[in-house]
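The values are calculated or read from the model by the stated rules, or taken from the named source; none is laboratory data. All figures in this text were calculated on a predicted structure; none of them were measured in a lab. Cβ placement follows ideal geometry from the backbone for every residue including glycine, while neighbour counts extend to all protein chains displayed.
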Amino acid sequence: MIDAMARDQTDLLQGTLELLVLKTLSLEPMHGWGISQRIQQMSGDVLQVTQGSLYPALQRMKTRGWISSEWRVTENNRKARYYTLTAAGRRELAREQWQWERSSTAVNEVLGWEGAS
C-alpha cells in the first residue's frame with residue numbers, strides 16, 4: 001500500500017504504484033530501497049511506498065516483462081537486486097501515463113477545476 005498524508009488519498013493512490021515505479025525506473029536502474037526513496041523524494045514526502053507493497057509489485061512487473069533485474073553491488077558495498085525498465089516496460093509506462101492523464105483530466109472536469117482541458 002502507498003501511505004499518504006490523508007487516509008482518503010490512499011485508495012486512489014494504490015492503483016498508481018506500478019505507474020510510479022515504471023516512471024522512477026525510466027530515470028535509471030535502481031534497487032528497491034532506492035525506488036521507494038525516489039518516489040518519496042519526487043512527491044515532496046507525500047507518498048511513501050512500503051516494502052510490503054513494493055516488492056510484490058516489482059515481482060508482478062518482472063513477470064509481465066516490464067522490468068528485468070540483476071544483482072549488483074551498491075554504493076555502500078552491499079549486494080542488492082537492481083531493476084531496469086525493459087522496452088515493454090517503456091511501452092507500458094507510456095500507456096499508463098496516457099491513461100492517468102485521461103483519468104485525471106476527467107476528474108478535474110467533474111470538479112470544475114480551472115486548467116482542466
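Observations, loosely collected:
- Subset tally (residues that are at pLDDT 95 or above, in a strand (DSSP E or B) and of a type outside the set (D, E, K, R)) for region 49-73: 4
- Of the residues L13, L25, the single one that is modelled with pLDDT of 95 or more, within 12 Å of the chain's Cα centre (by Cα) and of a type in the set (A, V, I, L, M) is L25.
- Residues that are among the small types (G, A, S), farther than 17 Å from P29 by Cα and over 12 Å from the mean Cα position of the chain (by Cα), drawn from region 48-97: G52, A94
- Scan of region 28-52 for residues that are of a type in the set (S, T, Y) and touching a helix residue (DSSP H, G or I) at 6+ places or on another chain (Cβ under 6 Å), ordered by number: S36
- Filtered residue count, region 40-68, keeping only those that are within 16 Å of G89 (Cβ to Cβ) and surrounded by 12 or more Cβ atoms within 10 Å (Cβ to Cβ): 12
Residue by residue, here is whether (1) more than 12 Å from L22 (Cα to Cα); (2) touching a helix residue (DSSP H, G or I) at 6+ places or on another chain (Cβ under 6 Å); (3) exposed (fewer than 13 other Cβ atoms within 10 Å of the Cβ) holds:
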| site | (1), (2), (3) |
| --- | --- |
| E70 | yes, no, yes |
| N76 | yes, no, yes |
| A88 | no, no, no |
| E96 | no, yes, no |
| G112 | yes, no, yes |
